[in-house]
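Here the structure comes first, spelled out in structure tokens, and everything after it is commentary.
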Amino acid sequence: MKLIAITIVALLTSSLVASSLMTDATKAGLKPIPSSTTELLKLIDNPKNPITPKKTELGKKLFFDPRLSKSGFISCNSCHNLAEGGDDGLSAAIGHKWTVNPHHLSSPTVLNSVFFDSQFWDGRDPDLEKQAQGPILAGPEMAATKEHVVKTVTSIPAYVAEFKAAYGDNVKIDFEKVTDTIASFERTLVTPSPFDDYLNGNEKAITTAQKKGLKTFIDIGCATCHTGIAIGGSMNAFNITATYKYQNVGDFKGDKNGMVKVPTLRNITQTAPYFHNGQIWSLKDAIKEMGRVQLGKKITSKEASSIEDFLISLDGRKTNISIPNLPASTSKTPKPDIN
């Protein structure tokens, strides 16, 4: 009888601790991806560019189509590879004519980017629709023009038919319509994780070590910046308590107020190298450097390992995206230009 009583007390204590940790996580500003499809759609949809199956399927083709670039070689997926972490795994993005990003900026992941408060490292664009325009037109990236994009799409009858199916027979296929369609697809790139299952009520969704790591993450102060559904994605000051040891790699200093977009921690194990200029390859080292630079704390190896355990619980379940079959070019389709 005594053994049974002890067991019951242990179970109740364990449940209370788990519930308390959930509460602490919520109070710290961490939010789960909703388990309800209806609730999720409310978060990711854009009333000005509503998500529809036909639109997202067309957007996926355009996302993978390198013909939108001047060279006919670079697609959105080149820098935001959906086969891995939604980025390119490079310290600095490489674009047209093998040009390294002039500011030595790495490509942020496109996965879960719909939850970001703003887009780009300097937060200059408010949403994915606006963001999708930038890389296509940027000289060091896809190096295209609006005219090139429109001429490419409208020269391919299958694309014209799909635009009509998605938007209606009277659709005007302009540059903004193309990028809105790409953004519609990108809005669906959401990866729910075991951590979301945990915050949504399943106490067994993450391990004991991951729960301890979550507590360490909160107690040390990581959730000061890494909050919300994206576990990041908002603008914040950088170099608060010290200067990032690789600050001199590239000339990026944030927006006009020195603010930098906080990277999402979702799928962080798959998005090395870390920081805006991709100078740290070890997740533990990145955690320690963030503690020094942002919190003024010396994070121990034990604490870093514990936080890393938690971050593993943010590895999400990706939608099984097959590479689309792209429609054939015609004699009117612009030829690749590698100059």
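Can we say SER20 is among the hydroxyl-bearing types (Ser, Thr, Tyr), out of contact with any Phe, Trp or Tyr (no Cβ under 9 Å at 6 or more places or on another chain) and assigned to a helix (DSSP H, G or I)?
Working: among the hydroxyl-bearing types (Ser, Thr, Tyr): yes; out of contact with any Phe, Trp or Tyr (no Cβ under 9 Å at 6 or more places or on another chain): yes; assigned to a helix (DSSP H, G or I): yes.
Taking the combined requirement at face value, the residue satisfies it.
Just to be sure I understand, how many residues within region 65-75 are surrounded by 19 or more Cβ atoms within 10 Å (Cβ to Cβ) and part of a helix (DSSP H, G or I)?
Result for region 65-75: 2.
Limited to region 62-78, what total is found for residues that are closer than 25 Å to ARG317 by Cα and touching a helix residue (DSSP H, G or I) at 6+ places or on another chain (Cβ under 7 Å)?
So in region 62-78, the residues closer than 25 Å to ARG317 by Cα come out as 62-65, 75-78.
In the following step, the residues that additionally are touching a helix residue (DSSP H, G or I) at 6+ places or on another chain (Cβ under 7 Å) were identified as 62-64, 75-77.
The number of residues fulfilling the criteria is 6.
Which one is nearest to ASN248 (Cα to Cα), of the residues in region 261-292 that are among the charged types (D, E, K, R) and not in a helix (DSSP H, G or I)?
First pass over region 261-292, keeping only residues among the charged types (D, E, K, R): 261, 266, 284-285, 288-289, 292.
Applying the additional criterion that residues be not in a helix (DSSP H, G or I) yields 261, 266.
On the way: LYS261: 18, ARG266: 27 Å.
Filtering first and then ranking leaves LYS261.
Would you call SER78 surrounded by fewer than 20 Cβ atoms within 10 Å (Cβ to Cβ), under 21 Å from ASN267 (Cα atoms) and polar (S, T, N, Q)? Quick ask: steps written out before the conclusion?
Working: surrounded by fewer than 20 Cβ atoms within 10 Å (Cβ to Cβ): yes; under 21 Å from ASN267 (Cα atoms): yes; polar (S, T, N, Q): yes.
Yes; evaluated as a whole, the condition is true for this residue.
In region 293-339, which residues are in the same structural domain as ALA237 (by TED's automatic domain parsing), free of Cβ contacts under 8 Å to residues at least 24 places away in the same chain and either closer than 21 Å to ASN77 by Cα or not in a helix (DSSP H, G or I) (or both)?
Of everything in region 293-339, those that are in the same structural domain as ALA237 (by TED's automatic domain parsing), free of Cβ contacts under 8 Å to residues at least 24 places away in the same chain and either closer than 21 Å to ASN77 by Cα or not in a helix (DSSP H, G or I) (or both) turn out to be LYS298, THR300.
The values are calculated or read from the model by the stated rules, or taken from the named source; none is laboratory data. Nothing here was measured: the structure is a model prediction, and the numbers come from that model. Virtual Cβ from ideal backbone geometry, glycine too; neighbours counted across all protein chains shown.
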